[in-house]
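Undergrad: One structure, pasted below without further comment.
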Amino acid sequence: MVTGNKIVKSVLLVGCGSIGKRHLSNLLKRDTIKKLYIVTKNEHCLDGLQKGDKIVVCESFEGIRADMAVIANETQKHMATAIQLASAGMHLFIEKPLSHNTDDFGMLQALVKKNNLKTFVAYNLRFLKAFHSLREIISSKTIGDL
């Protein structure tokens with residue numbers, strides 16, 4: 001896993017519900033990742049997973065230094081978590097939706113720019129060919145002005 005020119009060796013996972021657990025399972029398969037810090041209230045998060053010495057379960061993400069963070073906690077906490085981790089200089093992968101409101105978008109955008117961070121909001125449908133075709137049709141006004 002690479003962020004910019006840097007190989008990701010440590011990841012912070014915030015939240016471990018069904019989506020967080022899927023991210024955890026995928027992250028555990030990456031040989032380059034040596035440490036996975038997990039902040040969760042879900043005591044069953046690690047059930048059925050090969051734990052090894054790669055995983056560290058934490059009470060909070062205060063003071064954790066990781067190359068990047070995966071934010072998969074409750075939607076209403078995404079933005080505050082992202083702002084705090086961007087302030088700490090972590091690259092971000094944020095589960096959709098980015099937030100339940102637009103209140104702090106500007107603050108997060110400024111932090112990402114200031115700290116030169118890679119940030120991605122998960123949305124698997126963005127890669128679906130049908131959506132690319134639809135975008136072209138709308139942009140070219142083939143079906144009129146929408």
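Undergrad: Would you say Lys96 is of a type in the set (Lys, Arg), crowded, with 18+ Cβ neighbours inside 10 Å and farther than 18 Å from Asn115 by Cα?
TA: No.
Undergrad: Working only within region 89-125, note down all residues that are touching a residue at least 24 places away in the same chain (Cβ under 8 Å), under 18 Å from Lys77 (Cα atoms) and aliphatic (A, V, I, L, M).
TA: Met90, Leu92, Ile94, Met107, Leu108, Leu111, Val112, Val121, Ala122
Undergrad: Please count how many residues of region 99-123 are aliphatic (A, V, I, L, M), open to solvent by 50 Å² or more (accessible area, probe 1.4 Å) and touching a helix residue (DSSP H, G or I) at 6+ places or on another chain (Cβ under 7 Å).
TA: So the count comes out to 1.
Undergrad: Please indicate, with yes or no, whether at least one residue in region 69-86 is in a loop (DSSP other than H, G, I, E, B) and in contact with a helix residue (DSSP H, G or I) (Cβ under 8 Å, 6 or more places away or on another chain).
TA: Within region 69-86, one or more residues are in a loop (DSSP other than H, G, I, E, B) and in contact with a helix residue (DSSP H, G or I) (Cβ under 8 Å, 6 or more places away or on another chain).
Undergrad: Quick one: Leu24 ticks every box in (1) farther than 26 Å from Lys113 by Cα; (2) open to solvent by 10 Å² or more (accessible area, probe 1.4 Å); (3) outside any loop (DSSP other than H, G, I, E, B); (4) of a type in the set (A, V, I, L, M, F, W, C) bar one, so which box is it?
TA: Evaluating Leu24 over (1) farther than 26 Å from Lys113 by Cα; (2) open to solvent by 10 Å² or more (accessible area, probe 1.4 Å); (3) outside any loop (DSSP other than H, G, I, E, B); (4) of a type in the set (A, V, I, L, M, F, W, C) leaves (2) as the failure.
Undergrad: So which residues in region 124-139 are of a type in the set (Val, Ile, Thr) and open to solvent by 70 Å² or more (accessible area, probe 1.4 Å), if there are any at all?
TA: Once the filter is applied, which keeps residues that are of a type in the set (Val, Ile, Thr) and open to solvent by 70 Å² or more (accessible area, probe 1.4 Å), region 124-139 yields only Ile138.
Undergrad: Given the residues Arg30, Arg65, which is the only one that is touching a strand residue (DSSP E or B) at 6+ places or on another chain (Cβ under 8 Å) and assigned to a loop (DSSP other than H, G, I, E, B)?
TA: Arg65
The values are calculated or read from the model by the stated rules, or taken from the named source; none is laboratory data. Note that the structure is a prediction, hence the values are computed from the model and not measured. Counting neighbours? That spans all protein chains shown, and the Cβs are built from the backbone with ideal geometry, glycine included. Ligands, DNA and RNA are stripped out before the accessible areas are found, and what is left, the full protein with its side chains, is counted by its heavy atoms. Shrake-Rupley method; radii C 1.70, N 1.55, O 1.52, S 1.80 Å.
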